[in-house]
Amino acid sequence: MPVGLFRVCLLVITAIVNHPLFFPKENGTISENAEEIMQKMKEREESLRLEQLRLEQEIADQEAAQKALEKAAVVVEESKEEKVRWDMWTALSMVIFLLIELWRQDFQEGNWQDTGGEEDDMAVLGKAFKGMAFPDKAVLASFYEKRILGTTGDMARMREMVEGFADDLLEALRSVCNRDADMEVEDCVGVGSMYENWRVRKPFVCDLIVPFAPPEPYCFCCQTWCSGDSFPPDEQGYGTIKVCRADQDAMGCICDKTKLGEDMLCLLHSQVSSTRPSSEMEDLLCFKNTQYLDADQVMKWFQIAVTKAWNRISHKYEFDLSFSLLDSPGALKIKFKSGKSIAFNLTPVVQYENSDVYFISHFPRSSLAADIPSSTHWFLTFAVYERRFIQLVSKTLPANACHVSCLQILSFLHGKQCSLTGPSGLTNYHLKTVLLHLLQARPSQDWAPEKLEARLQDMLKFLEKCLHEKKLYHFFIGNGKVPAELGFPIIFQRAEPLNLFRPFVLRRDIYRKMVDTFHEMLRNMSALINEYTVHIPLAHTNGIRKEPL
């Protein structure tokens with residue numbers, strides 16, 4: 001009992017002691033602690049919200065990166081598929097290109113230059129001839145006999161006189177030159193219409209080329225557009241001439257291209273021989289600071305040398321010698337006391353290897369090399385082989401063949417037309433190229449003298465076709481059918497054909513002038529021929545049948 005009462009009392013006392021009313025100050029801090037807890041809870045909530053935003057941003061970035069990777073994978077896959085398709089098209093294009101190239105080679109071998117010799121071609125071509133009366137055989141024969149043959153009888157005497165004087169002049173030139181420092185001049189070679197016997201217009205001018213070589217120990221290393229080096233399309237037909245030492249490779253030693261250290265020496269070249277002053281190369285007529293032969297320097301040297309040579313031998317002759325044209329440095333004129341004169345061209349050239357192909361500095365009275373890229377680019381001339389080809393073919397033709405007559409008549413008509421309407425891009429060299437193609441395509445019996453009219457029509461129609469297509473290929477370059485007897489260099493036979501009309505493709509004004517001149521010549525042909533033809537009896541002319549082509 002007392003124990004139970006004691007427990008009850010203890011419980012009451014404990015309750016009274018722990019009652020809040022007994023500790024008013026301590027219980028007053030409860031609201032303050034609650035506010036602090038609420039503040040902390042808000043801060044915690046804000047930090048959690050910021051953390052949630054950061055995590056959401058990271059998740060979004062990861063998703064964007066994942067999408068970018070997936071997109072890149074898709075792009076790579078598509079590019080692979082596109083590359084496969086592109087490779088397929090590239091391979092197909094290469095196959096087509098090879099087929100075209102094979103066809104082109106077969107076409108060149110089987111049909112070098114379409115000569116228009118087939119009757120179907122003749123029916124399609126000749127549009128400019130429709131409705132025109134072509135001079136018949138009698139008129140052409142009379143015209144040729146009286147106008148052409150009557151003015152070319154003294155050509156042989158003139159050639160002989162000019163060649164003899166040129167030989168004497170070159171011999172004097174050798175005597176005035178320094179054999180150890182100046183260029184070595186060889187004998188001259190006659191080329192062109194005067195030596196192929198088809199020149200008709202006066203004044204008669206002989207074209208002589210003079211090969212020259214550098215003094216020892218130097219030599220010429222020639223590079224052409226078809227020798228494997230990269231030449232742009234507008235430089236086809238050209239080449240460069242490098243002056244090298246005879247014991248030096250044309251490409252030069254590596255010590256010329258690489259800067260060696262001060263403690264390194266070339267075992268092949270000493271310091272003295274490897275350094276060549278620019279003045280030495282200029283003395284060898286090279287372009288400034290290069291080893292390439294300069295055509296302008298060569299012509300200046302040649303003019304000075306010819307002047308010195310003439311001063312040495314002028315006392316032997318009773319005529320004067322002078323340079324006739326400023327734009328043609330090799331154009332010379334002999335003036336006699338009687339007032340008569342003889343003109344001829346003496347042009348320095350460089351021989352290509354051991355052939356009769358020559359690098360020529362310029363073409364006298366011609367526009368073939370009017371737009372030379374630079375003075376270090378030399379045009380190649382095949383004039384010697386052209387002369388040999390005509391001589392070789394002439395041996396297989398009938399007696400008094402009409403091939404030269406056709407070229408003479410056409411050259412005369414073209415010259416007369418140019419005197420009326422002014423010069424055009426069409427030259428006598430183009431006309432000769434047409435004849436060379438027809439000589440190769442036509443059988444020998446087609447050039448009998450009685451077929452002059454037909455062959456002249458063929459030349460005009462072939463020329464019309466070339467003008468229409470803007471294509472007239474050089475006869476030798478790319479022609480695999482050149483007779484082996486000529487010994488023509490194989491490198492030019494395997495070269496890409498050279499289109500002589502290519503310069504006119506982009507120059508429409510010159511091309512239009514050339515075509516108009518050709519058509520005017522056709523329209524005026526009968527009048528020009530009749531003007532220079534002796535009178536044919538009326539009874540004979542009444543029987544002449546003039547058929548339109």
Could you check region 499-533 and list, in sequence order, the residues that are touching a residue at least 60 places away in the same chain (Cβ under 8 Å), of a type in the set (Val, Ile, Thr) and either under 16 Å from residue 422 (Cα atoms) or out of contact with any Phe, Trp or Tyr (no Cβ under 6 Å at 6 or more places or on another chain) (or both)?
510, 517
Is region 166-175 home to any residue that is surrounded by 20 or more Cβ atoms within 10 Å (Cβ to Cβ) and farther than 27 Å from residue 312 by Cα?
no
All but one of (1) crowded, with 16+ Cβ neighbours inside 10 Å; (2) at pLDDT 90 or above; (3) in a helix (DSSP H, G or I) hold for residue 495; which doesn't?
(3)
Taking the options 426, 410, 397, name whichever one is in a loop (DSSP other than H, G, I, E, B), under 30 Å from the mean Cα position of the chain (by Cα), within 30 Å of residue 141 (Cα to Cα) and at pLDDT 90 or above.
426
Leading residue by the ranking (surrounded by the most Cβ atoms within 10 Å (Cβ to Cβ)) among those in region 306-322 that are in contact with a helix residue (DSSP H, G or I) (Cβ under 7 Å, 6 or more places away or on another chain) and either part of a strand (DSSP E or B) or of a type in the set (Gly, Ala, Ser) (or both)
309
Go over the candidates 176, 210 one by one and state the one that is within 29 Å of the chain's Cα centre (by Cα) and closer than 20 Å to residue 297 by Cβ.
210
Tally the residues that are over 17 Å from residue 391 (Cβ atoms), hydroxyl-bearing (Ser, Thr, Tyr), open to solvent by 10 Å² or more (accessible area, probe 1.4 Å) and touching a residue at least 12 places away in the same chain (Cβ under 8 Å), restricting the search to region 404-440.
4
If I ask for residues that are in a loop (DSSP other than H, G, I, E, B) and surrounded by fewer than 21 Cβ atoms within 10 Å (Cβ to Cβ), which ones from region 456-473 would you list?
470, 471
Of everything in region 506-549 that's among the acidic types (Asp, Glu) and open to solvent by 100 Å² or more (accessible area, probe 1.4 Å), which residue is modelled with the highest pLDDT?
509
Considering region 182-217 alone, what residues qualify as being touching a residue at least 40 places away in the same chain (Cβ under 8 Å), more than 16 Å from residue 361 (Cα to Cα) and open to solvent by 30 Å² or more (accessible area, probe 1.4 Å)?
182, 197, 199, 201, 202, 203
Residue under question is residue 160, and the condition is that it be modelled with pLDDT under 70, open to solvent by 100 Å² or more (accessible area, probe 1.4 Å) and more than 19 Å from residue 459 (Cβ to Cβ); does it hold?
no
Consider region 375-389. How many of its residues are modelled with pLDDT under 90 and open to solvent by 40 Å² or more (accessible area, probe 1.4 Å)?
0
Identify the residue in region 441-453 that is of a type in the set (A, V, I, L, M, F, W, C) and touching a helix residue (DSSP H, G or I) at 6+ places or on another chain (Cβ under 8 Å) and, among all such residues, is most open to solvent (accessible area, probe 1.4 Å).
452
Every residue in region 323-335 that is open to solvent by 70 Å² or more (accessible area, probe 1.4 Å) and either aliphatic (A, V, I, L, M) or under 14 Å from residue 161 (Cα atoms) (or both), please.
325, 326, 335
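The values are calculated or read from the model by the stated rules, or taken from the named source; none is laboratory data. Keep in mind it's a predicted model, so treat the numbers as computed, not measured. Please note: Cβ atoms are built from the backbone with ideal geometry, for glycine as well, and neighbour counts cover all protein chains shown. Just so you know, the surface numbers come from the protein's heavy atoms only, side chains and all, with ligands and any DNA or RNA stripped out. Shrake-Rupley method; radii C 1.70, N 1.55, O 1.52, S 1.80 Å.
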